[in-house]
1. Answer with yes or no whether residue 272 is away from ligand 1 (no atom under 16 Å from the Cβ), touching a residue at least 12 places away in the same chain (Cβ under 8 Å) and buried (at least 23 other Cβ atoms within 10 Å of the Cβ).
2. For residue 4, indicate whether it is at pLDDT below 95 and either part of a loop (DSSP other than H, G, I, E, B) or touching a strand residue (DSSP E or B) at 6+ places or on another chain (Cβ under 6 Å) (or both).
3. Where residues in region 296-311 are more than 17 Å from residue 343 (Cβ to Cβ) and touching a residue at least 60 places away in the same chain (Cβ under 8 Å), which of them is surrounded by the most Cβ atoms within 10 Å (Cβ to Cβ)?
4. Please state which of the following conditions residue 252 fails to meet, knowing it meets all the rest: (1) more than 11 Å from the chain's Cα centre (by Cα); (2) modelled with pLDDT of 95 or more; (3) surrounded by fewer than 24 Cβ atoms within 10 Å (Cβ to Cβ).
5. Consider residue 198 against the criteria (1) away from ligand 3 (no atom under 15 Å from the Cβ); (2) surrounded by 21 or more Cβ atoms within 10 Å (Cβ to Cβ): it satisfies all of them except one. Which criterion is unmet?
6. Look through 291, 335, 296 and report the one residue that is within 15 Å of ligand 3 (Cβ to nearest atom), part of a strand (DSSP E or B), touching a helix residue (DSSP H, G or I) at 6+ places or on another chain (Cβ under 8 Å) and more than 18 Å from residue 231 (Cβ to Cβ).
7. Quick check on region 129-143. Is at least one of its residues assigned to a helix (DSSP H, G or I), buried (at least 17 other Cβ atoms within 10 Å of the Cβ) and out of contact with any helix residue (DSSP H, G or I) (no Cβ under 8 Å at 6 or more places or on another chain)?
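The values are calculated or read from the model by the stated rules, or taken from the named source; none is laboratory data. Since this is a predicted model, take the numbers as computed values, not measurements. Cβ sites come from the backbone with ideal geometry, for glycine too, and all protein chains shown count toward neighbours.
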Ligand SMILES: C=C1C[C@]23C[C@@]1(O)CC[C@H]2[C@@]12CCC[C@@](C)(C(=O)O1)[C@H]2[C@@H]3C(=O)O
Ligand SMILES: O=C(O)CCC(=O)C(=O)O
Ligand SMILES: [Fe+2]
């Protein structure tokens, strides 16, 4: 858990709208129409360019070089050859389906409390937009037991076991990727206490549901954002995620069966002195419900993140050093402006 639990805490002081009973809505309500915000509309500037983020096989001896290259050029890649069991990935999706399939009154029993990080609700970034997203989410930080007991008083165990197993395995995979990336940054992983003991890092698992939408071209699944994390690992069987590529525009990511989508977050961007891209992304919706699960990983709250200095990453720092806790707070208050506020 840790520092990420604090993300958007301050923005949540504003009244947070609650998700609609999506199943009963036949016409897109005015509150959910994004079309008039022209440059934010998901169907405007949607690139037809054939380029797409690289696919990297973790068992390929050349994987470390390809990962670094992808972090620089795209800030996102699809990972195959990882050892997360397919069955576990499928169980996560089917447990998420059961949760979001509950009647809305039931789901509201697990509603995130004001200022709280975990539980059911709209995206944490909702207060920064004047339109609502076509989305419902369930955020897990640490054990999901308290919230899931509200949902299924007798039958919460299957859900909890699956999510805890997934969180542990995704944490280990993230740490494997971080060790690879740190090597290129000339950081000795053996000297990084929080990585060595696997203690204290901040993690969160976000289950996302994008309900079937009656008017997809005018709705927004998840508004453009960068993740606050060091690294995020996402699973989804279906397309909907778009990433912004400088010079090309919004590119739809076509998930490869069994692959995980890995993206660079703000902390890795700062650490790499701006060389690795913290990729802006958003989600479009369709008439078919879509699920995804995103695992976020950041260092412990008291860690100071400073840009590395070298020939490859630049000899002049582009960002001020920040504590993880401090930057998470800045992001929660200023959202998209957070990075520019810590620029040197
Ligand atoms: C760990 C976290 C990152 C996140 C905020 C949170 O505390 C829990 C959910 C995460 C999420 C998922 C949807 C997009 C996002 C921007 C949001 O609103 O909530 C991210 C947050 C983030 O990366 O900053
Ligand atoms: O659903 C997706 O594909 C992306 C979700 C996402 O960006 C997030 O949870 O931060
Ligand atoms: Fe994201």
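1. Yes; evaluated as a whole, the condition is true for this residue.
2. Yes.
3. Looking at residues that are more than 17 Å from residue 343 (Cβ to Cβ) and touching a residue at least 60 places away in the same chain (Cβ under 8 Å), I get 298.
4. Status for residue 252: all satisfied but (2).
5. Unmet condition: (2).
6. 291
7. Looking for residues that are assigned to a helix (DSSP H, G or I), buried (at least 17 other Cβ atoms within 10 Å of the Cβ) and out of contact with any helix residue (DSSP H, G or I) (no Cβ under 8 Å at 6 or more places or on another chain), one finds none in region 129-143, hence no.
A quick yes/no check of all residues on (1) touching a helix residue (DSSP H, G or I) at 6+ places or on another chain (Cβ under 6 Å); (2) closer than 15 Å to residue 257 by Cα:
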site: 54; (1), (2): yes, yes
site: 62; (1), (2): no, no
site: 65; (1), (2): no, no
site: 68; (1), (2): yes, no
site: 76; (1), (2): no, no
site: 80; (1), (2): no, yes
site: 83; (1), (2): no, yes
site: 89; (1), (2): no, yes
site: 93; (1), (2): no, yes
